[in-house]
Amino acid sequence: MMYLVIFTSLTAAMFAMSSINVQVADNLADVARARAAAESGMRWMQYRFLKMNRPRTAVGNITPAVAASLWPAIRTAIADDLAGMLDPAERPVTLVGNTLKTSLIATGDSNAKFAISITPDDSDARRLRVVSTGTCGAATRSVSMYFLIDKKVKFAIAGKVPIQLGRNVVVEGPVATVTTTKYPPLFSLSDFRSLTSSLRAKVDAFQSFCETRHVGYDNRIDVRNTEECAAAQAAGYYDANGDGYIDEYDLFLREFDADGDGAVTREEFTDPTTGRLYDAELFNAIDSLGGPLFEGDVVRVGYQDGRIDNNDGYAKIRGQILLATTEAAWKSKLPSGQTIQDQIKGPISPSVDGAPPVKFAITPADVFDLSPANFDTSSFRARTGPENGPTVRTPTLIENAVLSAADANGGTVDERTPYGSTSYQATYRRPVFRNMTFRNCRIPKGLNALFDNCVFEGVTFVELETNVTNSSGQTTTNPNDGMTYSKRMKSGSFSASTVLTSSNSWGYVLGNNLRFNDCTIRGPLAASVRTAYTHFSDSWEFTGATYFDNRVDQTATIVAPQTNIEMGSFTDPAAAPSTLVGVVVAGNIDIRGSGLVDGSIIVTGDGAGNTTMGWFGPSDSSTDPSSPMPEGGWGKLNIRYNPYRALPDGINVAIDILPDVSTYTEGS
Ligand SMILES: [Ca+2]
Ligand SMILES: [Ca+2]
Ligand SMILES: [Ca+2]
């Protein structure tokens, strides 16, 4: 039996009515209605699990024991949810043994009702067995299915500020932006437009075609849409790779697949003038899509085989785009003469067929609560410093210590932040640590160091004054107050070129502005959680050939919910490869260079202009894609949601209760 997993708005009545086979003979009608009511009840419960106020937990990994401990709270959540039923007779729930039972619930069919029972599996409390029993007259029919208790963020990128995806940035997984005040909420560049001048003209022409002839913002024409498909074919476009859609990838294939075998090889993608690939980073990014998600995972056909073809399944974003803003609000903020299509480029392929590629006006239930206050980093702090073990201090290794400026072996340096940016915010005097290894160390507030060619092992924790206050001395969550807080001086007045030190600046001593240059980071980085986003006085930059290779904790690479993070070089993206596993939680984060995010990027701060992935020009704030290619190439980013990674502890968001449709059975 076909079981619908995805639905948008529904009532039990709609399910019951649509599920009845109207051709059922009268004498079988009660049986059919009872079965339809049972099926309705199952879908109704699935919807309830999705929309109800589910329990929260800070525990990251939902084990059977954790699930068992959550069961009372789940029962309460269900009871609270059903207390809102219109008919008082449908509100009560009862607990029989360990089974929660609902009252009889009416369907739109006046003769048919259903009741739900929910029981945790004895052998694994993460599995809830749900039985829906429909009745009509004397007939009774049941269906059952297991639901799984889990906790995942389910996004490749989710954030409070607009998200920008540059050239050679490909995303596997949903993307969500909850801002309704900053525009565009999402901005993406074409990966193919700038490869050759002839392809640029074709990509631009196809975009113009989509603007006038295609409904939606996915930049793909579905060949099943006869009207749009006919118009596309009349304009010379066709589905060159046979995937059922006409999009930019077809133009790319037609441009480079010289022998027409449906694949683009390195030879075909080599510029005859230079003898080099048109863009080696792009080639690598596409060939690396759909990579293994866990050790021992089956490697897909065509993965990193040196050919670009259908096995690689290119899309700019393979997943839904969820936006809190409305379509009308976005349109009202567009620059004169522009369309939304000018701001979202590249094929957007929702991972579930039939789901809208871009979903506007999402509700809080669609995205977990991104408030920084939901993130508790104390478990990471406990794994650093003397609390973690005996302190060791040698000239080359510091372990289980709280660092101090006296540990610095390279004197001091004055430098602007962001480093190398044309629009710097402040100037810092930094103690310099060179060629040292730090194992499970804590960086105290006010250190503001430069780490050059250093190795960070275990957990590294960055301390900050968490209570950010406004000019009246009151605790604030406002990022504008946060900026003022960063600029607060002990003596003299602030300017971007004033060298900040512990003697003259409160922003300096209460915060941490750090730069990691040519460093290797082998474990998670975490920070205190400030009440507000404070811009430069809670900021980390990773420059040069900084390399992330997290060997100690696969749940998280960065947990710094109010910290501004600049990763990669402003001048040479290819010089800073990085691999980020698990969650990356930041107040804001910009990533340039070449790398893989195998987990989720979660942007919890609300003070930055945008979160920038990939190269957007030499100025931090530029969205101009026409700036010249930086030395070393454009870089590339594969950003991939990985559902197999557990979350770290300390993220206090709601659990999920999701159907395991493979367990759906008729009968109880
Ligand atoms: Ca196609
Ligand atoms: Ca070929
Ligand atoms: Ca391939």
Original post:
What's the number of the condition G337 fails, among (1) free of Cβ contacts under 8 Å to residues at least 24 places away in the same chain; (2) not in a loop (DSSP other than H, G, I, E, B)?
Top reply: (2)
Original post:
Given (1) buried (at least 18 other Cβ atoms within 10 Å of the Cβ); (2) in contact (Cβ under 8 Å) with a residue 60 or more places away in the chain; (3) closer than 16 Å to A405 by Cβ, where does V499 come up short, assuming only one miss?
Top reply: (1)
**OP:** Identify, from the list E281, E267, the residue that is farther than 22 Å from V352 by Cα and in contact with a Pro (Cβ under 9 Å, 6 or more places away or on another chain).
**Re:** E281
Original post:
If we scan segment 324-333, do we find a residue that is touching a Ser or Thr at 6+ places or on another chain (Cβ under 9 Å), under 27 Å from A646 (Cα atoms) and more than 16 Å from ligand 3 (Cβ to nearest atom)?
Top reply: yes
Subject >> Any hit, segment 380-403, residues being under 30 Å from G319 (Cβ atoms) and either touching a strand residue (DSSP E or B) at 6+ places or on another chain (Cβ under 6 Å) or modelled with pLDDT of 95 or more (or both) >> reply: yes
Original post:
Considering Y424, Y428, which residue is surrounded by fewer than 21 Cβ atoms within 10 Å (Cβ to Cβ) and either in contact (Cβ under 8 Å) with a residue 12 or more places away in the chain or outside any loop (DSSP other than H, G, I, E, B) (or both)?
Top reply: Y424
Original post:
If only one of F192, F155 is assigned to a loop (DSSP other than H, G, I, E, B) and within 14 Å of the chain's Cα centre (by Cα), which one is it?
Top reply: F155
**OP:** Name the strands (runs of 3 or more DSSP E) wholly inside segment 46-143 in which the number of residues that are touching a residue at least 60 places away in the same chain (Cβ under 8 Å) is 1 or more.
**Re:** 112-120, 127-136
Original post:
Residues of segment 162-181 being touching a residue at least 60 places away in the same chain (Cβ under 8 Å), surrounded by fewer than 24 Cβ atoms within 10 Å (Cβ to Cβ) and under 18 Å from G587 (Cα atoms), which ones?
Top reply: Q164, V178, T179, T180
Original post:
Under the condition of being within 13 Å of ligand 3 (Cβ to nearest atom) and either farther than 21 Å from S194 by Cβ or among the polar types (S, T, N, Q) (or both), which residue from segment 262-274 is surrounded by the fewest Cβ atoms within 10 Å (Cβ to Cβ)?
Top reply: G262
Subject >> Single unsatisfied condition, V203 versus (1) out of contact with any Gly (no Cβ under 8 Å at 6 or more places or on another chain); (2) part of a helix (DSSP H, G or I); (3) under 26 Å from D305 (Cα atoms) >> reply: (3)
Subject >> All positions within segment 233-251 that are within 9 Å of ligand 1 (Cβ to nearest atom), touching a residue at least 24 places away in the same chain (Cβ under 8 Å) and assigned to a loop (DSSP other than H, G, I, E, B) >> reply: N241, G242, D243, D247
Original post:
Pairs, please: C-beta under 7 Å, at least 6 apart or cross-chain, first residue farther than 15 Å from V264 by Cα and in segment 294-309, second among the polar types (S, T, N, Q)?
Top reply: R300/N311; V301/N311
Original post:
Which residues, taken from segment 272-293, are in contact (Cβ under 8 Å) with a residue 24 or more places away in the chain and among the charged types (D, E, K, R)?
Top reply: D279, E281, D287
Subject >> Every residue from segment 138-147 that is surrounded by fewer than 18 Cβ atoms within 10 Å (Cβ to Cβ) and either closer than 17 Å to M45 by Cα or not hydroxyl-bearing (S, T, Y) (or both) >> reply: A138
Original post:
Picking from S332, S349, S336, which residue would you name as being small (G, A, S), at negative phi and within 16 Å of ligand 1 (Cβ to nearest atom)?
Top reply: S349
Subject >> Test result for K182, touching a strand residue (DSSP E or B) at 6+ places or on another chain (Cβ under 7 Å) and charged (D, E, K, R) >> reply: no
Original post:
For segment 536-555, how many residues meet the condition of being in contact with a Leu (Cβ under 8 Å, 6 or more places away or on another chain), among the hydrophobic types (A, V, I, L, M, F, W, C) and at pLDDT 95 or above?
Top reply: 1
Subject >> Qualifying positions in segment 384-419 - under 17 Å from G511 (Cβ atoms), among the hydroxyl-bearing types (S, T, Y) and part of a strand (DSSP E or B) >> reply: T417
Original post:
Hey, among the residues in segment 252-261 that are in a helix (DSSP H, G or I) and within 13 Å of ligand 1 (Cβ to nearest atom), which one's nearest to T196 (Cα to Cα)?
Top reply: F252
**OP:** Taking V215 as the residue in question, decide whether it is more than 16 Å from ligand 2 (Cβ to nearest atom), assigned to a loop (DSSP other than H, G, I, E, B) and among the hydrophobic types (A, V, I, L, M, F, W, C).
**Re:** yes
Subject >> Hey, I246 of a type in the set (A, V, I, L, M), under 23 Å from G173 (Cα atoms), within 13 Å of ligand 3 (Cβ to nearest atom) and at pLDDT 95 or above or not >> reply: no
Original post:
Does S503 satisfy the criteria of being at pLDDT below 95 and either in the same structural domain as R381 (by TED's automatic domain parsing) or under 17 Å from R416 (Cα atoms) (or both)?
Top reply: no
**OP:** Among what's in segment 294-312 and is of a type in the set (V, I, T) and either part of a helix (DSSP H, G or I) or more than 13 Å from ligand 2 (Cβ to nearest atom) (or both), pick the residue that is surrounded by the fewest Cβ atoms within 10 Å (Cβ to Cβ).
**Re:** V298
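The values are calculated or read from the model by the stated rules, or taken from the named source; none is laboratory data. All figures in this text were calculated on a predicted structure; none of them were measured in a lab. Methodologically, a virtual Cβ is constructed for each residue, glycine included, from the backbone with ideal geometry; neighbour enumeration extends over all protein chains shown.
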